[in-house]
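Notes follow once the structure below has been shown.
Throughout, read-outs are computed from the coordinates displayed, never taken from laboratory work. Fair warning: this is a prediction, and the values are worked out from it, not measured in the lab. Note that we place each Cβ from the backbone using ideal geometry, even for glycine, and neighbour counts take in every protein chain shown.
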Amino acid sequence: MLEAKLKELGLEYKNIDLYLQAFTHPNFKSINPIDYDYQRLEYLGDRVISFVVAQGLFELYAQEDEGFLTLHHNTLVNKITLGNIAVSLNLLPLLRTVTKDILNNEKVKCDVFESLVGAIFLDLGLVRVKEFILKYIDLEQVIFKDPKSRLQEYLQSSNNKNDELNYKTIKVGPDNKPEFTCEVRIGNLLYGVGKGKRIQDAEQAAAEEALKKVIK
């Protein structure tokens, strides 16, 4: 099954043991006499994905500043987007695990994709893994919706979807030159504070700050 999936993905693998490790959850060791799992490969894959995307954005958006690149990078490389790739490629049924309920965990979904990337990097090298990553992560994807929309969409697709999103805005300064301060909370926790000359600007600024905390 594993070999068939690798061929389906166009991976002419050399060391199948790396991929077996990439699809072994740590809990599988509790009932099997093995001394490996996907954690080290997941660590490596996380860094490889981050590097490939950062380099690609740096080259693609040569005129943009660091803030633009960071926001774009964080939107493309996080547990939700990477986990969605794992689901779309139907990788989760390959995971060797004691309990199948963890397959619904967003972090585990992300881990599976990252560990596969780590295995590809070690087995086939940087050029091939870069091709693989950029096949599924579109650097030119239109993602720059306003921060409030992105925050709402992120919460709807994450484990926080049942938490209420609240904006509280107060006016400061004189009526002829007002400024507004907005706090955004997810559930009962404060995630962002923003300021602006209009209520809408303050809310967008607060949402932008919140996004930096929730999308990692």
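Per the Debye formula on identical point scatterers at the alpha carbon atoms of the chain, with no solvent, log10 I(q)/I(0) at q = 0.08 Å⁻¹ is -0.36.
What is the helix-to-structure angle for 106-124, meaning the angle in degrees between its Cα long axis and the longest Cα principal axis of the chain, kept from 0 to 90 and rounded to the nearest 10? Taking Cα atoms only, the helix is inclined about 50 degrees. For the residues LEU20, LEU76, LEU189, a GNM of the chain with alpha-carbon springs under 10 Å puts the largest fluctuation on LEU189. Counting only DSSP beta bridges whose two residues both lie in the chain, roughly 95 percent are antiparallel. Please give me the summed charge of the neighbours of GLY192: other residues whose Cβ is under 13 Å from its Cβ, Lys and Arg +1, Asp and Glu -1. Once all neighbours under 13 Å are counted, the net charge is +3.
Remind me, relative contact order of the stretch 147-214 in percent, using alpha carbon pairs under 8 angstrom and six or more residues apart?
For the stretch 147-214, the relative contact order is 29 percent.
Cross-link reach is defined here as a Cα-Cα straight distance under 15 Å, omitting same-chain residues fewer than 8 places apart; for LYS195 the aspartates and glutamates meeting it are GLU179, GLU183, GLU203, GLU208, GLU209. Working from Cα pairs under 8 Å separated by at least six residues, relative contact order for the chain is 19 percent. Take the Cα of VAL127, step 7 Å toward its Cβ, do the same at ASN166, and the gap between the two points is 5.7 nm. Mind checking the angle between helix 199-214 and the chain's longest principal axis? C-alpha axes, 0 to 90 degrees, to the nearest 10. For 199-214 against the chain, the angle is about 30 degrees.
Given the stretch 1-127, report the % of alpha carbon pairs whose separation exceeds 19 Å.
Values: 4066 of 8001 pairs.
Distances greater than 19 Å cover 51 percent of the Cα pairs.
Our estimate of slack between PHE68 and GLU153, defined as 0.36 nm per intervening residue step minus the Cα-Cα distance, is 28.7 nm.
Calculation over all alpha carbon pairs of the stretch 48-91 in 5 angstrom steps from 0 returns a P(r) of 5, 23, 26, 20, 14, 8, 4, 1 percent. Modelled label positions at ILE102 and GLU8, each set 7 Å beyond Cα in the direction of Cβ, lie 2.2 nm from each other. Using alpha carbons only, how many degrees (0 to 90, rounded to 10) separate the axis of helix 79-88 from the longest principal axis of the chain? Between the helix axis and the principal axis of the chain, the angle is about 50 degrees.
Of all the Cα-Cα pairs you can form in the stretch 147-214, what percent are over 16 Å apart?
On the way: 969 of 2278 pairs.
Every Cα pair in the stretch 147-214 considered, those over 16 Å come to 43 percent.
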